[in-house]
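Quick notes on the structure that follows.
Derivation of every value follows stated rules applied to the coordinates shown; laboratory data play no part. Note that this is a predicted model, so its numbers are computed, not measured. Cβ: placed from backbone, ideal geometry, glycine included. Neighbour counts: every protein chain shown.
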Amino acid sequence: MSDNICVAIDGPAGAGKSTVAKQVAQQMGLLYIDTGAMYRAVTLKALRQNLNLEDADGLTKLARETTVKLVPGLQQSVLLDGEDVTEEIRSPEVTGHVSTVAKVAGVREVLVDRQREMAGETGVVMDGRDIGTVVLPQANAKFFLTASAEERARRRAKELAHKGYTIDIDKLIKEIQDRDYMDSHRAVSPLAPAGDAVIIDSSGMDIEEVVAAIISWIEKNK
Ligand code: DC
């Protein structure tokens, strides 16, 4: 992996990680890997099968038997056992349950192995919660992107409204805070900046500014 540039972008839900990571990858000619999409795809499959989400062994087995493929492109598609689930994994139902699945150690082991394999093949920009701390601790550049819960809820509301969902903004803020809490207090790989991560608060910044700050940091420090 040492020859490939590896950029890790971690941070809480709605901080703009995926939009930023996609643009950084595109401008630097790297592959973008959305690790949240992998947890979402396994969650969707578990919900479809009516699995008990408290059954860690059942979920781990499911993760092992599942193929999640990320197809690069302008709008990255996500294939769950060959089926295109790009839209479905963003539904409020999946969003509401994904933290429960993502806290299962066995599920994480399976998905982290796959993420490392992908990063071993080419230069990547990978976004998630534990990329700089666990998945790619040797990454050349690590960023922790954050923003206030209110700002993140506003951004998510805009996105969801665009897709035709009706939004209660206070409920959204509460959901984001709950998900942050679960993600940062779980026993395995909690959400936290790596010691050597550059922390960027994107509250007052637009996407282009964040992308430019990241690329300029990489250019200066690589
Ligand atoms: O980034 P996202 O909202 O698509 O992530 C979905 C969920 O997956 C979220 O609850 C955090 C979890 N996740 C994780 O635990 N580790 C990652 N590397 C990526 C996402």
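Details
- Residue order, fewest to most surrounding Cβ atoms within 10 angstrom, among 89, 169: 169, 89
- If a spin label sat at a point 7 angstrom from the Cα of residue 53 along the line to its beta carbon, the backbone N atoms of the range 1-44 nearer than 14 Å would be those of 39-44.
- Shape of the range 90-222, Cα gyration tensor, a/c cut at 1.5: oblate
- Applying a DSSP loop filter and a limit of 16 other Cβ atoms within 10 Å to the GluC sites (Glu not before Pro) in the range 72-125 leaves 87.
- Given 69/158; 22/45; 22/163; 22/158; 69/103; 103/222, the pairs whose alpha carbons are separated by over 23 Å: 69/158; 22/45; 103/222
- Part-to-part distance (alpha-carbon centres) for the range 1-35 and the range 63-108, which is given in Å: 17 Å
- Rotationally averaged projected area of the range 12-153 (alpha carbon convex hull; nm²): 8.4 nm²
- Prolate/oblate/rounded label for the range 1-73 (Cα gyration tensor, a/c 1.5): prolate
- Relative contact order of the range 1-68, taken over Cα pairs closer than 8 Å and 6 or more residues apart, is 19 percent.
- For the chain: relative contact order, % (alpha-carbon pairs under 8 angstrom, 6 or more apart): 32 percent
- Here the dipole of the range 111-179 is about 180 debye; that uses its Cα centre as origin and unit charges on the Cβ of Lys and Arg (positive) and Asp and Glu (negative).
- When the charge dipole of the range 1-111 is built from unit charges on Cβ atoms (+1 for Lys and Arg, -1 for Asp and Glu) and taken about the Cα centre, the candidate among 33, 44, 91 whose Cα reaches farthest toward its positive end is 33.
- Label zone of residue 91 (point 7 Å out along Cα→Cβ, amide N under 16 Å): in the range 38-70 this covers 40-51.
- The length gained on full extension between residue 83 and residue 116, counted as 0.36 nm times the residue separation minus their Cα-Cα distance, comes to 9.6 nm.
- Charged-residue dipole, Cβ positions (Lys, Arg, Asp, Glu), the range 1-159 about Cα centre, Debye nearest 20: 420 debye
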